[in-house]
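Below is one structure, written out as structure tokens; comments come after it.
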Amino acid sequence: MTQIIDTYKIRQGNREEFRRVVDNNMDRVYSIALKITADKEDAGDITQDTFVKLWEKRKSLRSGENIEGYISKIVINKSYDLLRRRKRQDSCTNDSDLFVNLISEDEADRELNYKEIAEAIEMLCNGLSPKQQLVFTLVEIEQMSHDEVRDATGMTKNSIKSNLSHAKQRVEAGLKKYLK
Amino acid sequence: MEELDKILRRIRESKPGMESRYELRESIMEKVHKRANYLDYFFAWTDVGWLRKSLAFASVIIVLFFCGQQVFMTNRIDKLEKRMISINTDNILQYQRENVMANSVLYRDADRKTLADSIKVATDDLLDLVKSYRDLQLKYENVQNEAKQEKQENRKQKL
């Protein structure tokens, strides 16, 4: 059960309270980082960096501030920075069977593991720009509203819409190739 | 596109348990522990909201009080300087032999440089000094006159 977090205690450097924040949010942070970066190790590093940054910036937290929203902003920005840094390295896996399995009705009830999720996203987002990949992941996978994406990334609504539209076209075109 | 929707739905719905969750959490806490320092420990009280505001308010009051005090002191020093009288002691000693009231020189100019062996006294103190000197002088003259008169009377009696 998620308990109410006392931002006052965190501002004061209470590590037990901070441990609770880590416990409550670690899975969510890791999941967002994995879905944006499509890499398990990077997701782990970003999760660590996110909480360390939260600790360093704890004094700027205001009483009653939505700490989950604050954490989301950090993890999204860190993941986006990583996408931009590695945009020239295209080492996409090419396992078309993965998509066939994902679509298959026999496999529908089986839960995907992190590796499969990362591979599927990596293949879907192959060829997208970092911005397109970020917007696509946040809107289509994390199911965030355009306003939430705007608040988290600082992008304008028009930019979000155009990047999402281009991303969808590319993803669909890429998927068709795999499923031929 | 139906296939894309299926894939996205499966990705969304999958919530696998994180591998090495405990290690990751401990690694985060260890990094956080390394970043916490003694300054954080000793000055954590500065994060208390009402205390910060009170201290800020108090510091403004202290600065204003200091500025006001400086203005007040400068004004008082200006007034005191106007009341100061500089007297050359050498001159006083010389003039005392003749007549202090007639010959003492009073310098009311505060900006004038004084000699190394000079003193500064307030007007009231100087006036008291002069008055007491004058009283003594009058008594001395009276005593002298009385002595003269006695001598004259003695001479008359002898004659």
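The values are calculated or read from the model by the stated rules, or taken from the named source; none is laboratory data. Please read all numbers here as calculations on a predicted model, not as lab measurements. Here the Cβ positions follow ideal geometry from the backbone for every residue, glycine too, while neighbour counts run over all protein chains shown. These area figures cover heavy atoms from the full protein model, side chains too; ligands, DNA and RNA do not enter into them. Shrake-Rupley method; radii C 1.70, N 1.55, O 1.52, S 1.80 Å.
In order along the stretch A:48-54, the Karplus-derived 3J(HN,Hα) couplings, from 6.51 cos²θ - 1.76 cosθ + 1.60 at θ = phi - 60°, round to 4, 4, 4, 6, 5, 5, 4 Hz, and Gly and Pro are given as x. The magnitude of the dipole of the stretch A:7-179, with charges of +1 and -1 set on the Cβ of Lys/Arg and Asp/Glu and taken from the Cα centre, is near 1240 debye.
Note on residue A:115 and residue A:41: the model spin-label points, each 7 Å out from Cα along the C-beta direction, lie 1.5 nm apart. Site pair residue B:46 and residue B:23 shows an inter-label distance of 3.9 nm when each label is modelled 7 Å from Cα along Cα→Cβ.
Using a Förster distance of 41 Å, how high is the FRET efficiency between residue B:65 and residue B:135, based on the Cβ-Cβ distance and rounded to 0.05? Plugging the Cβ-Cβ distance into 1/(1 + (r/R0)^6) gives 0.30.
Shape of the stretch A:110-180 from its Cα gyration tensor (a ≥ b ≥ c, root eigenvalues): rounded if a/c is under 1.5, otherwise prolate when a/b > b/c, or oblate? Could you put the intermediate results ahead of the total?
Working: a/c = 2.52, a/b = 1.46, b/c = 1.72.
It is oblate, given that a/c is not under 1.5 and a/b is not larger than b/c.
With both labels modelled 7 Å from their Cα along Cα-to-Cβ, the residue A:63 to residue B:156 distance reads 10.4 nm. Charged neighbours of residue A:69, selected by a Cβ distance under 9 Å, balance to -3 (K, R count +1; D, E count -1). In the stretch A:29-54, burial by the other protein chains removes 40 Å² or more of accessible area from A:48, A:52, compared with the chain on its own (1.4 Å probe, ligands and nucleic acids ignored). Listed cross-link partners A:9/A:115; A:57/B:6; B:6/B:31; A:35/A:57; A:40/A:177; A:73/A:168 are compared with a 32 Å cut-off, the Cα-Cα value being larger for A:9/A:115; A:57/B:6; B:6/B:31.
Annotation: residue A:155 carries an accessible surface of approximately 20 Å², with a 1.4 Å probe and no ligand, DNA or RNA atoms counted. Computed from the C-beta positions of residue B:146 and residue B:119, the FRET efficiency with R₀ = 41 Å rounds to 0.70. The phi torsions of the stretch B:127-137, fed into the Karplus equation with coefficients 6.51, -1.76 and 1.60 and a -60° offset, translate into couplings of 5, 4, 4, 5, 5, 5, 5, 5, 4, 4, 5 Hz, rounded to whole numbers, with Gly and Pro shown as x.
What total accessible area, in Å², is buried where chains B and A meet, using a 1.4 Å probe and rounding to the nearest 100?
Working: alone 15320 and 11170 Å², together 22620 Å².
Buried: approximately 3900 Å² between A and B.
For residue B:121, the residues 5 or more places off, or on other chains, whose built amide H falls under 5 Å of its own are B:85, B:87.
The residues of the stretch A:7-179 expose, per residue, 49 Å² of accessible area to a 1.4 Å probe.
Multiplying the residue separation of residue A:56 and residue A:169 by 0.36 nm and subtracting their alpha-carbon distance yields 36.7 nm.
Once you sort the root eigenvalues of the Cα gyration tensor of the stretch A:7-179 as a ≥ b ≥ c, which label holds: rounded (a/c under 1.5), prolate (a/b larger than b/c) or oblate (the other case)? In terms of gyration-tensor shape, prolate. For residue B:143, the solvent-accessible surface with a 1.4 Å probe is about 90 Å², rounded to the nearest 10. Under 20 Å between alpha carbons, and skipping anything fewer than 8 positions from residue B:156 in its own chain: which lysines qualify? In chain and number order, the partners are B:148.
Based on the Cβ-Cβ distance from residue A:14 to residue B:15, what FRET efficiency comes out when R0 is 25 Å, to the nearest 0.05? Show your work: numbers first, answer last.
Numbers: r = 29 Å, r/R0 = 1.18.
So the FRET efficiency works out to roughly 0.25.
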